[in-house]
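Below is one structure, written out as structure tokens, with a few remarks after it.
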Amino acid sequence: MELTIDYECPQCKSSSHQRLSDISPGKIRKCARCGSPLVLTIEGLRGFERALHAYCHP
Ligand SMILES: [Zn+2]
């Protein structure tokens with residue numbers, strides 16, 4: 001199982017699943033649709049929290 005975290009595009013509101021292993025500090029992620037920098041949202045973090053919990057307690 002691979003942990004993913006959801007990022008959101010502030011422009012077109014499309015969400016993007018990013019693999020945790022692909023995330024590194026200072027790296028800018030761009031929206032596949034419009035090229036805007038993706039942002040991490042509270043919803044994305046909450047979803048990640050659930051995924052992490054499921055990962056640790058299968
Ligand atoms: Zn976009």
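Can you list the GluC sites (Glu not before Pro) in the chain that are in a DSSP coil and have 10 or fewer other beta carbons within 10 angstrom? Passing both the DSSP loop test and the Cβ count: 2. Please work out the average accessible area per residue across region 4-56, using the 1.4 Å probe convention, and give it in Å². With all protein chains present, region 4-56 gives 73 Å² per residue.
Shown here for the chain: trypsin sites (Lys or Arg not before Pro) in loop regions (DSSP other than H, G, I, E, B) with at most 13 other Cβ atoms within 10 Å, namely 13, 27, 33. Cβ screening of the chain for cysteine pairs under 4.7 Å finds these without a partner: 12, 34, 56. Positive end of the dipole of the chain (Cβ unit charges, origin at the Cα centre): among 7, 37, 17, the Cα lying farthest that way belongs to 37. Dipole check for the chain: with +1 at the C-beta of Lys and Arg, -1 at the C-beta of Asp and Glu, and the Cα centre as origin, the magnitude is about 200 Debye.
Determine the share of the chain's accessible area contributed by carbon and sulfur atoms, expressed in whole percent, with a 1.4 angstrom probe.
53 percent
The values are calculated or read from the model by the stated rules, or taken from the named source; none is laboratory data. These numbers come from a predicted model, not from an experiment. Note: ideal-geometry Cβ built from the backbone for every residue, glycine included; neighbour counts use all protein chains shown. The accessibility values were calculated without ligands, DNA or RNA, using every heavy atom of the protein model including side chains. Shrake-Rupley method; radii C 1.70, N 1.55, O 1.52, S 1.80 Å.
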